[in-house]
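What follows is a single structure, written as structure tokens, with notes after it.
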Amino acid sequence: MKSSGRCLLLALCAATLAASAQPGNDNFANRTIIRGKQVALTNSLAGATSEAGEPLILGVSTGQTCWWTWTAPSNGIVTLSAGGTAFNPLLAVYTGTDLADLSLIASNNYVSCYTNCGCHWLVRDHTTFHVAAGEAYQIGVDSALVTTAAIGLLSNLNGGPFLYYGPVWTTNVLPGGPMHLELKLAPAPRNDDLSHAIKISGSRLQTRVSNAGATTQPGEPSHLGNPGGSSVWYSWIAPASGRVTISTNPIAAYAPPSTGSGSGSVTIIITPIGPTDCGADTEQTPLPAFFPVFAAYTGASIGTLVPAGCLPLSLDAFPHAVCFDAVKGQTYRIAVDGNLGTTGETWLCLALTKPASNDSFQQRIKLHGIYATATSYNAGATHQAGEPAAAEGSLGKTVWWSWTAPISGPVSIDLHGSDYSFPVAVYTGTALPNLQLWDADFGGVTFEAVAGETYQIAVSDAEGLTGAITLKLQGPVVEAALLRTITSSSKTALLRFQAIAGETLLLLGSNDGSNWQNLQTALARGSSVDFLVHPAPTPAGPFYQAIVLDRAFH
């Protein structure tokens, strides 16, 4: 902003105001008292002035201020709206009882910046702010210096034109005239304070929640690090130990309010030179979108709250969801806040998951064969005494499998399709105290197996995050030697393959020698396995082969 332009503007304003009568609430001491939860009134800024000590928002206020005072009948959130005839009202809300100690808590002005012409001031048609019961709020309405940007010649300034590149006052007509003001209070809901938390129950529940009008208590923490300020509270007793997920369906972002725009003649005359190109205009502090912020605590009062260890799930299927470990019989205080203090209505979906059956090492699930798939989850899993850590940062929420290698060779374990890239560890040993780490990695692992060796497979949490697990194990593929082909007819043949007693062979078939299908399995009771096939193999196909699928060790 150019200081000389502002001086000229205020001088023009003062000359005009001198001819108008002052409104009755022009001075702070004569501010108009308004009462109620919903108030609509009309007024005029024509003839309004500024007084000594009156606060001004630098670069936006003109000093044409009228004053109101309102005392909140309850805690809640106020929406203050204003509109003017041929001017843009600047709203400013303060706490304090005299001009000397006023503290600004809300305003409707904001900054927008062009790519090429710098930044400028604009005002919205409303502002919102939290209120406390019994607190007095001083409302000042001014005629804003709304600005825009242009490239042009300035005239009527210091006697001659000159090139100006940047923001200029172009949209407000002074002095301010008729205006309307509207105040709406959304009272705080009954579960606004922790002491009035609503009780919910069950291991799987869904309830509609709203934080409209909600406030924050003194000493209340920022939930999950988000400086909300509009929280409501719920109380839940865990019916069992396990992992708790609090989630909701996606919440559509609030559309930003439309900005007020003035009309009428300009205060400073601009003579454009050619087309103006200031580039893109970007609001610097757009209104935040609402989304719910969930958090859980133990403790009976704000001063004794202890975080329950909530972690954001960061899964596309559960936006804004969090999880934490619950202990049976423990009471948890659940806060539902809004992003940066925003408010809205959403679902609170709570699900308690008990540990999977293979949570403990003693209950590990046996896998068989050179190719095995398994699904499970480590949600709700617990850490056993003496259980080794699968990876750094893991909390030991581990589930277990056991696999005996039918033959020696390379083995891969892949967790692709699981909720997270969980750490996988492979051990040898038959009890927790004597486990020896064979290999470990995130999202999967590869290792050299020894035929007959039993391997213990642990899938743990990813730095506390747990969820669904999909496990695929691929062992070495070893082809069994074909000993004999006995053809009984042109359509049927008996294929005899070499084997070791206790081995399971898998017969594969193919019509082209490239694409193979599983046909049948057979257990070797001696040194060979027979398969009866139809049609019989020929040099042109079909083709058959057998591989070692599994082996029983005694």
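The values are calculated or read from the model by the stated rules, or taken from the named source; none is laboratory data. Here the structure is a predicted model, which is why all the values come from computation and not from measurement. Cβ sites come from the backbone with ideal geometry, for glycine too, and all protein chains shown count toward neighbours. In case anyone asks, the SASA skips ligands and DNA or RNA and just uses the protein heavy atoms, side chains included. Shrake-Rupley method; radii C 1.70, N 1.55, O 1.52, S 1.80 Å.
With r as the distance between the Cβ atoms of T373 and A481 and R0 = 25 Å, compute the FRET efficiency 1/(1 + (r/R0)^6) and round to 0.05.
Once rounded, the FRET efficiency stands at 0.30.
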Please turn the phi angles of segment 501-517 into ³J(HN,Hα) values with the Karplus equation 6.51 cos²θ - 1.76 cosθ + 1.60 (θ = phi - 60°), one per residue in order, whole Hz, x for glycine and proline. 3, x, 7, 10, 9, 10, 8, 10, x, 8, 8, 10, x, 10, 9, 10, 10
Cα-projected label distance for H180 with A385, points at 7 Å along beta-carbon direction, nm: 7.4 nm
Per-residue accessible area, 1.4 Å probe, largest first, puts K184, K472 in the order K184, K472
Within segment 472-500, backbone nitrogen closer than 11 Å to the virtual label 7 Å beyond the Cα of W516 toward Cβ: 477-480
Round to a whole number: what % of the accessible area of the chain belongs to carbon and sulfur, probe 1.4 Å? 54 percent
Between exposed GluC sites (Glu not before Pro) in the chain, where DSSP calls loop and at most 16 other Cβ atoms lie within 10 Å, what's the longest gap? 136-391
Note the full-extension length gain between L432 and N116 as 0.36 nm times their separation in residues minus their Cα-Cα distance, in nm to one decimal. 107.0 nm
In debye, nearest 20, what is the charge dipole magnitude of the chain about its Cα centre with +1 on Lys and Arg Cβ and -1 on Asp and Glu Cβ, if you could check? 1180 debye
Distance cut-off 19 Å, Cα to Cα: go down the list K199/K328; K328/K366; K354/K472; K199/K354; K199/K397 and report the pairs above it. K328/K366; K354/K472; K199/K354; K199/K397
Summing -39500 (n - 2.57) over the DSSP H runs of n ≥ 4 in the chain and dividing by its residue number, what mean residue ellipticity at 222 nm do you reach, to the nearest 500 deg cm²/dmol? -1000 deg cm²/dmol
Residues whose modelled amide H sits under 5 Å from the amide H of S408, counting only those 5 or more places away in sequence or on another chain, are A451
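Taking a probe of 1.4 Å, how large is the accessible area per residue of the chain, in Å²? Mind dumping the intermediate values first?
On the way: 25360 Å² over 554 residues.
Counting only protein heavy atoms, the per-residue value for the chain is 46 Å².
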Nearest-ten-degree value, helix 3-17 long axis tilted from longest Cα axis of the chain: 50 degrees
Dividing the Cα convex hull volume of the chain by residue count, how many Å³ per residue is that? 231 Å³
Accessible heavy-atom area order of R31, R204, highest first, probe of 1.4 Å: R204, R31
